Amino acid sequence: MFAFVAPAPAQEAPAPASGRARPAPVDAARMLQQADALRALAGNLGVSEGRLKDEAAAQFRDVQSETPIAAPIWTPVPRERVDGSPGDIDAMLQTADQRFADYRNRFKTDPPPDVVYSAKMAAALREQKRESFDKTGLMPDAEMGVFRYGKASLEGGVIALNQKLRLIATRVGQAFSFATLVHEATHARDREAGRLDPQHEIDAEINAFRVEYLWLVTMDPDGMKLIVLRSSLKLWLDSHPLDSVTAQSIGYLDHLIDIWSTGGDKDKLRALVQKLGYEDDPDRPAPAPTAPAPARA
């Protein structure tokens, strides 16, 4: 919860029923005047340090015993619904549908088409049994998802999600976990459209991160859920430093914050993609028939 305190005009504090005098009220206008006067003294080289300290002490001496004259307006901060459930692809897809409905209800318009199309692709791949959590155990810790496709066809390909994302979802929820799934589904869309190949890796990643950004602003329009969840997990980790799942979850949210911070701007997305180490490879030879399929993370 955050509170915005609006200053109100000074007034006399009524005496309590017991007859005992209440502390004098804080006059916000007076405090501002005193602050301005103190600032002026601080800028005057002729004022000694001792006097400056005395004036500062005098300004705040009685504040703790005074009664603020203010009307706090409590504004609830949106928090992501996290129930501790492990990551589940079907639950992610159901959550995406609900968040799209929430967006339409709130803004009276449809979500960005590109993120809806990628979500539909993710649902289609799931129905075709081309989407699952990785069973090899060989995915790098930092790679939460991958789209693997064959070299000879624009159709086909599978999405694998890192098993670690199942654990991370217990901390961040299904909706934030869906960010990875919609990223990989965008790769699948681009592959079928002929836009995904080793020679244009940077452009493919820019587009996938752009759609991932669109998902974040659809499910969390003002970004507060992302910030509040990250802060809450950090407080928990400070008290439980051996909780490796929470530490990984904070790293995952930091990555989403990096995506959010681009604002969907193509140049900023390109800088992020290059920072993550992606690069085009115009000279990469076609893989041998027995080689593993190319991958996009």
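The values are calculated or read from the model by the stated rules, or taken from the named source; none is laboratory data. The structure presented is a predicted model; accordingly, all values stated were derived computationally and were not measured. Every residue, glycine among them, receives a Cβ derived from its backbone with ideal geometry; neighbour counts consider all protein chains shown.
So, in the range 159-187, exactly how many residues are in a helix (DSSP H, G or I) and touching a strand residue (DSSP E or B) at 6+ places or on another chain (Cβ under 8 Å)?
Qualifying residue count for the region: 9.
Could you say whether any residue in the range 249-262 is aliphatic (A, V, I, L, M) and out of contact with any Leu (no Cβ under 7 Å at 6 or more places or on another chain)?
No, because not a single residue in the range 249-262 is aliphatic (A, V, I, L, M) and out of contact with any Leu (no Cβ under 7 Å at 6 or more places or on another chain).
Among all residue pairs at least 6 apart or on different chains, which show Cβ distances below 8 Å where the first residue, located in the range 188-202, is modelled with pLDDT under 90 and assigned to a loop (DSSP other than H, G, I, E, B) and the second is polar (S, T, N, Q) and buried (at least 20 other Cβ atoms within 10 Å of the Cβ)?
So the pair list comes out as Arg195/Asn207.
Among the listed residues Ser239, Ser132, identify the single one that is surrounded by fewer than 15 Cβ atoms within 10 Å (Cβ to Cβ), at negative phi and in contact (Cβ under 8 Å) with a residue 12 or more places away in the chain.
Of Ser239, Ser132, the one residue that is surrounded by fewer than 15 Cβ atoms within 10 Å (Cβ to Cβ), at negative phi and in contact (Cβ under 8 Å) with a residue 12 or more places away in the chain is Ser132.
Checking the condition touching a residue at least 12 places away in the same chain (Cβ under 8 Å) and within 19 Å of Leu196 (Cα to Cα), which residue from Asp114, Asp90, Asp83, Asp141 passes?
One residue alone meets the criteria, Asp114.
So for the range 116-126 (the condition being farther than 20 Å from Tyr252 by Cβ and either out of contact with any helix residue (DSSP H, G or I) (no Cβ under 8 Å at 6 or more places or on another chain) or outside the structural domain of Met219 (by TED's automatic domain parsing) (or both)), does at least one residue qualify?
Yes - at least one qualifying residue is present in the range 116-126.
Go through (1) within 22 Å of Thr186 (Cα to Cα); (2) at pLDDT below 75 for Gly87 and report which single condition fails.
Exception for Gly87: condition (2).
Can you pull out every residue in the range 165-182 that is closer than 22 Å to Glu205 by Cα and touching a Gly at 6+ places or on another chain (Cβ under 9 Å)?
Hits for the range 165-182 are Leu165, Ser177, Thr180, Leu181.
Taking into account only those residues within the range 74-128 that are within 29 Å of Val245 (Cα to Cα) and acidic (Asp, Glu), which is surrounded by the most Cβ atoms within 10 Å (Cβ to Cβ)?
Looking at the filtered set, the residue picked out is Glu80.
Output the residue which, of all residues in the range 234-268 that are among the polar types (S, T, N, Q) and in a helix (DSSP H, G or I), is nearest to Tyr213 (Cα to Cα).
Ser261
Against the condition in a helix (DSSP H, G or I) and at pLDDT 75 or above, how does Ala35 come out, does it pass?
In short, yes.
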